[in-house]
Amino acid sequence: MKYQGEVSEATTGERSTRNRVVRSILHHGPSTVAELAERLGLTQAAVRRHLDALLADTVVEARARRVYGARGRGRPAKVFALTDCGRDALDQSYDQLAAEALRFIAAQGGESAVAAFARSRIEAQCEGYRDEIEAAEPAERAQVLARALSADGYAATAREAPGQGQGEQLCQHHCPVAHVAEQFPQLCEAETEYFSQLLGTHVQRLATIAHGDGVCTTFIPRGKAPPPGPGEPPLPARSEDTTTTTHTSASTAGRNPA
């Protein structure tokens, strides 16, 4: 028979490991059992046990990983992604108050007033990134922006985009204002436009957490590139961690493409 202290210690250990699973999904996006096991140094059986508990608590959900391009034989791999409930547990708060404030702004000044607020907000947040980004070599700026965003709670990464050296993908695995941005896409639009200013190149928002994607994904082309014109080929497909297929430009970032 275990003493009470031993039981409490075991329970605490289980909770700590479960939190590591949640944080790993947050930082890396929707993940398979094998990927989680490798990252966390656990057996796949242990990961499945923790995922079962998280599924029961509606913290994560299982879904089929989207496959882009030619699909091989067999079913797509199953991945586990955070639910809205899981994101709520990661310090998302004051959503209702923020949404009410923006509705008041919209009622008093119209959509343009909401857009002006969104631009002012993101400028105040990200202007502190400017010196470090401008001091970096162009090829390193996406990584610098990702580190700055991570320090502000966005769990961001930058990596090579699919395709032959066409650019990078900035992935934000957490968004503190996702629930509000569902109602006010101007927040996503202003963020995308400001990223373009900071990086000195046109960028393209490919997916957002606010509209059900696993990750906010922004494509950053190599060098300075103008917005794609009529008849030009689309920018590269996004990574497998996101879940929609419609591309959007900076002017429509965050809006539901349906």
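Bear in mind these aren't lab numbers, they're just calculated from the coordinates by the rules spelled out. Everything numeric here is computed off the predicted structure, so don't read it as measured data. Cβ atoms come from the backbone with ideal geometry, glycine included; neighbour counts cover every protein chain shown.
The table below lists the values:
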quantity: Cut-off 11 Å between beta-carbons: net charge of the residues surrounding Arg49, Lys and Arg +1, Asp and Glu -1; calculated: 0
quantity: Relative contact order (%) - criterion: Cα under 8 Å, at least six apart; region: the range 99-233; calculated: 22
